[in-house]
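Scroll down for the structure; my scribbles are underneath it.
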Amino acid sequence: QTITSRALPWGVIVAWDDDGFFTGENEAFDPATGTGRLQSLRLRMGREFLFNSSGDGLIYPDAGTLELDMLDQAGRYDPYNASSPLAEYLYKNQKVKVIIKSEVTGTQYPVFTGRIADIRPDYGVPQKATIYIDGEAIRLKNKIKSTVYTSVQYDAQISEALTLAGWTDETDIDSTGSDQMAYHWFSNTSAINEIEKIAEAAFGLFWVSEDGTAKYRGRINPDTSTQSVTEADIDYGYRIRIPAPRDVLRNRARVYARTRTAVNNAEVWRMIDKPLIASGTGDAIWADFTYNSESVPATSVTSPVATTDFTANDAQDGSGTNRTANISFSTTAFSTTAKLIPTNSGAGAYMTLLKIRANIITTDKYTFAEYEDATSIAAYGDREFTMKTDWLQDLNAANEYAQVFVSRFKDPRAFPRFKFKRSSIDKQFTTGLFNMITINFNTFGVTGEFRTGYVERSWSINEPNVIDSVYYLEPNTTSNVGDTWVFPMTFPTVFPA
């Protein structure tokens with residue numbers, strides 16, 4: 001649904017009943033009065049920089065945020081208004097889709113997909129409310145765990161993480177040239193954290209796009225430019241903004257790798273306590289696996305064997321009658337933990353011994369590959385980049401990544417920022433977050449292919465026919481493209497008309 005009475009029709013579709021279907025009315029428009037509820041919006045998505053200023057690792061895209069200011073004179077968004085048609089729905093983190101339609105081409109563009117984080121009424125005159133929306137990636141904050149996977153590809157494990165997190169929306173996971181990990185597991189941290197670590201180790205990129213699709217691009221991928229942008233398309237009042245060279249240059253790279261080794265039938269846990277196990281089924285006992293004082297994953301776990309792995313006695317010090325034959329265990333194993341549920345077929349007895357054996361994967365200490373460009377260091381000083389991730393397991397791959405990174409960033413590279421002309425709606429929305437875009441700012445000496453790393457958008461009913469869209473671009477690090485632009489460059493003293 002869209003507003004048809006305005007030059008820039010917005011759609012703000014909310015699944016208020018949270019049934020997964022967008023069949024409700026368009027919140028941007030009030031059909032009762034024929035006027036707009038949406039008064040203004042502010043959107044931010046992506047990452048402002050590719051890597052940390054300290055040089056320690058890449059920066060991950062955040063979920064993104066959207067703020068919608070809504071006219072609320074009837075108390076529609078007031079949680080204390082019992083007569084509001086939304087009264088029972090204002091606390092449920094519903095899904096929201098925001099779209100816009102170009103009246104020039106008729107194309108509908110996705111603008112943002114996310115979940116309501118908060119609704120704050122403003123009881124001024126006129127009465128308004130602000131809806132705060134987090135990007136759809138916020139759904140990946142839940143923790144996931146698994147058993148150990150062997151000989152798996154990076155892209156496959158990103159898909160697996162999405163599945164374990166209960167992701168049911170669209171996915172677009174690139175498998176072009178994907179490398180393989182000898183071992184991998186999810187260790188009960190958030191799904192987005194697990195995915196980001198995998199993507200970084202593969203030198204790839206993961207994000208959730210404007211239409212709510214979970215996307216991954218490997219370090220070699222088939223992406224092509226979505227459009228060309230020239231000087232005629234940009235707002236010269238904003239100019240072309242370029243971060244300082246020291247912020248975007250790295251001429252030494254240190255990339256760490258950790259090799260995994262299999263060890264069979266190792267003791268990974270032993271209970272120090274000697275609890276009383278009452279008759280019947282007892283409470284769950286959780287065990288964290290360790291080996292040589294480090295947490296380890298298990299490829300297989302041996303359910304405790306009587307007398308070998310556990311003993312029981314009617315005396316806590318073991319001096320009474322042996323009750324081991326009365327005890328059995330149900331074992332559920334995860335990657336780095338196991339859950340044991342004891343059953344006692346006799347009278348209460350003390351566990352005088354309980355341990356777990358497993359086939360495990362041990363992790364070597366970090367080793368690293370380092371590569372530098374002496375010419376760049378002499379010209380610009382030593383600017384180091386460090387990448388340390390659990391899932392890069394091959395030193396040869398680490399060496400390749402270090403060389404590729406230095407080759408791409410040993411000289412200052414363009415990270416241009418610009419604002420579109422406010423009336424060029426199709427230009428503003430054709431290229432989404434992390435899509436490829438071709439820049440031809442010849443007067444500034446800025447040309448080539450980039451990715452849209454960060455997007456800011458704003459709109460107000462006070463100027464209903466214009467939208468401000470600012471793009472932060474970054475060199476494309478996930479394909480074999482040529483240099484996009486390097487210093488030195490010359491800014492014109494007179495801007496083109």
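The values are calculated or read from the model by the stated rules, or taken from the named source; none is laboratory data. Model, not experiment: these values are computed from the prediction. Because the Cβ atoms are built from the backbone with ideal geometry, glycine has one as well, and the counts that use them run over all protein chains shown. Each accessible area value is taken on the protein alone, full model and side chains, heavy atoms only, with ligands, DNA and RNA left out. Shrake-Rupley method; radii C 1.70, N 1.55, O 1.52, S 1.80 Å.
If R0 is 25 Å, what FRET efficiency do you get for PHE21 and ALA87 from their C-beta distance, rounded to 0.05?
On the way: r = 21 Å, r/R0 = 0.83.
Calculated value: 0.75.
Amide H to amide H distances under 5 Å link ALA117 with TYR132, ILE133, ASP134, where only residues 5 or more positions off or on other chains count and H is placed in the peptide plane. Note on surface exposure: ASP172, ASP309, ASP62 rank ASP62, ASP172, ASP309 by accessible area, highest first, 1.4 Å probe.
Couplings 3J(HN,Hα) for segment 213-229, derived from phi with the Karplus relation 6.51 cos²θ - 1.76 cosθ + 1.60 (θ = phi - 60°), are 7, 7, 10, 9, 10, x, 6, 10, 8, x, 4, 10, 5, 8, 6, 10, 10 Hz, where x marks Gly and Pro. LYS97 contributes an accessible area of around 60 Å² to the protein surface, as traced by a 1.4 Å probe with all chains present.
Computed with every protein chain present, the accessible area of MET271 is close to 40 Å² [probe 1.4 Å]. What segment 41-102 shows is 46 Å² of accessible area per residue, with the surface traced by a 1.4 Å probe over protein heavy atoms.
The slack in the chain from ASN142 to ALA325, taken as 0.36 nm per residue of separation less the alpha-carbon distance, amounts to 61.8 nm.
Between THR105 and GLN73, take the C-beta separation as r, use R0 = 45 Å, and let me know the FRET efficiency to the nearest 0.05. Please report the intermediate quantities before stating the final value.
Working: r = 34 Å, r/R0 = 0.77.
Approximately 0.85, to the nearest 0.05.
Would you kindly work out the equivalent ellipsoid of segment 178-314 from its C-alpha gyration tensor and give its semi-axes, the square roots of five times the eigenvalues, largest first in whole Å? Walk me through the numbers on the way to the answer.
Values: eigenvalues 552, 72, 47 Å².
Taking √(5λ) for each eigenvalue gives 53, 19, 15 Å, largest first.
Its Cα centre serving as origin, the chain has a Cβ charge dipole (Lys and Arg +1, Asp and Glu -1) of approximately 520 debye. A straight chain from ALA278 to TYR80 at 0.36 nm per residue would run longer than the Cα-Cα distance by 66.2 nm. Restricting the calculation to Cα atoms, segment 171-246 yields a radius of gyration followed by a Dmax of 17.4, 53 Å.
Only four residue types carry charge here, +1 at the Cβ of Lys and Arg and -1 at the Cβ of Asp and Glu. Report the dipole size of segment 314-405 about the Cα centre in Debye, rounded to the nearest 20.
Numbers: 7 positive and 11 negative charges, 169 e Å.
Charge dipole of segment 314-405: 820 debye, to the nearest 20.
Near the amide H of GLY64, within less than 5 Å, lie the amide hydrogens of GLY46, GLY135, all on another chain or at least 5 residues away, with H placed in the peptide plane.
Normalised by the number of residues in the chain, the average gap of Cα pairs under 8 Å and 6 or more apart makes the relative contact order 17 percent.
Summarising the label geometry, the points placed 7 Å from Cα in the beta-carbon direction at GLU463 and SER40 lie 1.2 nm from one another. Applying the Kirkwood pairwise sum to the alpha-carbon positions of segment 357-465 produces a hydrodynamic radius of 18.6 angstrom. Summarised in one figure, the compactness ratio Rg/Rh of segment 98-151, Cα atoms and Kirkwood Rh, is 1.26. Counting 0.36 nm for each residue step from ASP288 to ASP169 and taking away their Cα separation leaves a gain of 39.5 nm.
Over the chain, the Kirkwood radius and the radius of gyration, each from Cα atoms, give a ratio Rg/Rh of 1.08.
Between the alpha-carbon centres of segment 85-114 and segment 293-310 there is a gap of 51 Å. Restricting the calculation to Cα atoms, segment 261-307 yields a radius of gyration followed by a Dmax of 13.1, 41 Å. Taking all protein chains together, THR150, THR311 sort by accessible area into THR150, THR311, largest first [probe 1.4 Å].
On a 1.4 Å probe surface of the protein chains, which of ASP288, ASP314 comes out largest in accessible area, and what is the full order? All intermediate terms of the calculation are to be shown ahead of the outcome.
Details: ASP288 105, ASP314 60 Å².
Result of the area sort, largest leading: ASP288, ASP314.
A 1.4 Å probe run over segment 124-202, with the rest of the protein chains in place, finds 41 Å² accessible per residue.
Taking only the alpha carbons of segment 254-407, we obtain Rg and Dmax values of 23.8, 80 Å in that order.
Converting phi to 3J(HN,Hα) with the Karplus coefficients 6.51, -1.76 and 1.60 and the offset θ = phi - 60°, segment 78-83 yields 8, x, 9, 9, 5, 8 Hz in sequence order, with x at every glycine or proline.
Would you kindly give the portion of the calculated P(r) for segment 288-344 that falls above 18 Å, as a percent of all Cα pairs? Intermediate results must be reported in sequence, preceding the final value.
Numbers: 720 of 1596 pairs.
Of the Cα pairs, 45 percent sit more than 18 Å apart.
Near the amide H of ILE59, within less than 5 Å, lie the amide hydrogens of PHE51, ASN52, all on another chain or at least 5 residues away, with H placed in the peptide plane. The residues of segment 352-429 expose, per residue, 42 Å² of accessible area to a 1.4 Å probe.
Which is farthest toward the positive dipole end of segment 123-183 among GLN180, SER151, GLY135, measuring Cα position about the Cα centre, with Cβ charges +1 (Lys, Arg) and -1 (Asp, Glu)? Final value for the positive-end residue is GLY135.
Which percent of the accessible area of the chain is formed by carbon and sulfur heavy atoms (probe 1.4 angstrom)? Let's see the in-between values first.
On the way: 10180 of 21750 Å².
Of all accessible area on the chain, carbon and sulfur atoms account for 47 percent.
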